[in-house]
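S.K.: Right, I'll just put the structure down here and ask away after.
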Amino acid sequence: MDLHRAINDIAAGLAETDIAGARAYRLDDRDRQRVAAFMRGLNRTAPLKFNHPGLATNAMRDGPRLIIQNDLGTTDAHVLIVQIEGQDDAPRLSVLHSDIHRQRLEFFQNRLPALTWTQSSRQLPGSEQGQFTLATGILQAADLPALDAALETLGASLVFLIDWNKARKSLRHFVSGPAAVALLHWAADHEYGHRAYLEAGGETMIGDLLDTVSQLTGGSYGTMQRALGQDGTMAFLREALRTSSEALRNGQSPPAIRDMLQAELMTRVASMADRILDDAIDHAALILDLGSLVHAALLGNVPDLLAAAARAQR
């Protein structure tokens, strides 16, 4: 990894040109079009990383291959290298991606279903993690427009890997592991991301909101699912991801985000209480109806007892 970073520094120093933010050298016109497609996607979503480092891109030609490499961050063995060959007749895209978190790697692969993936585990000497997974994705594109579309999708997906595991662990305070991953996919699908949610306070903010709403309403919820139910919790967390992203990108502060989400949680808790009350009223009406039926039967005012019994059972 030290050698890898040293080579990156040399590559950046050799850059001859800048293509939408990518430092590049030895590229021809076709190479520039491919790099521009990759950077189109990356630049569209890169603001979602906010102040986090990462996503610096180098591009170079090495013999028959165009190589695009992205700095995903500072984590050991978290590397992305893109290779493109055969731009004349059979364009081929290869993506090499290594990660210490297998779940994050699987998340990334699911973002790119058009690629065929293989993976293997490797040891990482001198690191606390000890092991990482290396994945290779291959796409034999039908033509150059299809290749450019895949490169744009690839570039747009990278920001959602930054602090992914931290966000997953944060969301797991409120929902199951698979549900947390589903929330991260939803945030990526809608290009909200999860970094704003973490910037706004993550699980600490949500926990404080639940405590505040409990005090204001006189309830004692304990957990988000007790306050809103499973579906309601998922809906509120989606709203937290969306609101945090949009507000932070619009220049609003974390305290302002907290106020908006407090109002949202208050509304949802009140709505949940109203639904419970509606169920209780319906239940009371059924008990009254059943009691009236029994009373009439005891007084001999029910002509068909079997039909009345069937109705009571229903």
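The values are calculated or read from the model by the stated rules, or taken from the named source; none is laboratory data. Just so it is clear, the structure is predicted and the values come from calculations on it, not from any experiment. Don't worry about glycine lacking a Cβ; one is built from the backbone with ideal geometry, like all the others, and counts go over all protein chains shown.
S.K.: Considering (1) surrounded by 16 or more Cβ atoms within 10 Å (Cβ to Cβ); (2) under 21 Å from the mean Cα position of the chain (by Cα), say which one Leu147 fails and leave the rest.
M.R.: Single failed check for Leu147: (2).
S.K.: For segment 82-105, enumerate the residues that are surrounded by fewer than 16 Cβ atoms within 10 Å (Cβ to Cβ) and under 11 Å from Ala135 (Cα atoms).
M.R.: Leu96, Arg102
S.K.: Could you run through segment 88-110 and say how many residues are assigned to a strand (DSSP E or B) and within 17 Å of Leu144 (Cβ to Cβ)?
M.R.: Qualifying residue count, segment 88-110: 3.
S.K.: (1) in a helix (DSSP H, G or I); (2) in contact (Cβ under 8 Å) with a residue 24 or more places away in the chain; (3) of a type in the set (A, V, I, L, M, F, W, C): which one isn't true of Ala180, the others all being true?
M.R.: Here Ala180 clears every test but (2).
S.K.: Ok, one more. Scan Thr243, Thr217 and give me the residue that is more than 17 Å from the chain's Cα centre (by Cα) and either among the β-branched types (Val, Ile, Thr) or closer than 25 Å to Asn43 by Cβ (or both).
M.R.: Working: Thr243 fails: more than 17 Å from the chain's Cα centre (by Cα).
After applying the criteria, what remains is Thr217.
S.K.: Filter segment 29-63 for residues that are in contact with a strand residue (DSSP E or B) (Cβ under 6 Å, 6 or more places away or on another chain) and part of a strand (DSSP E or B); which is nearest to Leu198 (Cα to Cα)?
M.R.: Checked segment 29-63; the qualifying residue nearest to Leu198 (Cα to Cα) is Ala56.
S.K.: State yes or no: is Leu66 in a strand (DSSP E or B), of a type outside the set (Ser, Thr, Tyr) and over 21 Å from the mean Cα position of the chain (by Cα)?
M.R.: Details: in a strand (DSSP E or B): yes; of a type outside the set (Ser, Thr, Tyr): yes; over 21 Å from the mean Cα position of the chain (by Cα): yes.
For Leu66, the condition - in a strand (DSSP E or B), of a type outside the set (Ser, Thr, Tyr) and over 21 Å from the mean Cα position of the chain (by Cα) - is met.
S.K.: Give Arg44, Arg23, Arg32 a once-over and let me know the one that is in the same structural domain as Pro91 (by TED's automatic domain parsing), of a type in the set (Lys, Arg), surrounded by fewer than 15 Cβ atoms within 10 Å (Cβ to Cβ) and more than 14 Å from Val82 (Cβ to Cβ).
M.R.: Checking each option against the conditions leaves just Arg44.
S.K.: Okay, moving on. For residues that are loosely packed, with under 15 Cβ neighbours inside 10 Å, outside any loop (DSSP other than H, G, I, E, B) and either without any contact (Cβ under 8 Å) to a residue 60 or more places away in the chain or touching a Leu at 6+ places or on another chain (Cβ under 7 Å) (or both), tally how many sit in segment 230-250.
M.R.: Matching residues across segment 230-250 total 4.
S.K.: Related question: State all residues of segment 213-225 that are more than 18 Å from Ser170 (Cα to Cα) and either in a helix (DSSP H, G or I) or outside the structural domain of Ala263 (by TED's automatic domain parsing) (or both); if no residue qualifies, say none.
M.R.: Matches in segment 213-225: Val213, Ser214, Gln215, Leu216, Thr217.
S.K.: For segment 10-21, which residues satisfy the criterion of being over 31 Å from the mean Cα position of the chain (by Cα) and acidic (Asp, Glu)?
M.R.: Glu16, the sole residue that qualifies.
S.K.: Now for a separate question. Which ones in segment 63-107 are of a type in the set (D, E, K, R) and without any contact (Cβ under 8 Å) to a residue 12 or more places away in the chain?
M.R.: Scanning segment 63-107 gives Asp88, Asp89, Glu106.
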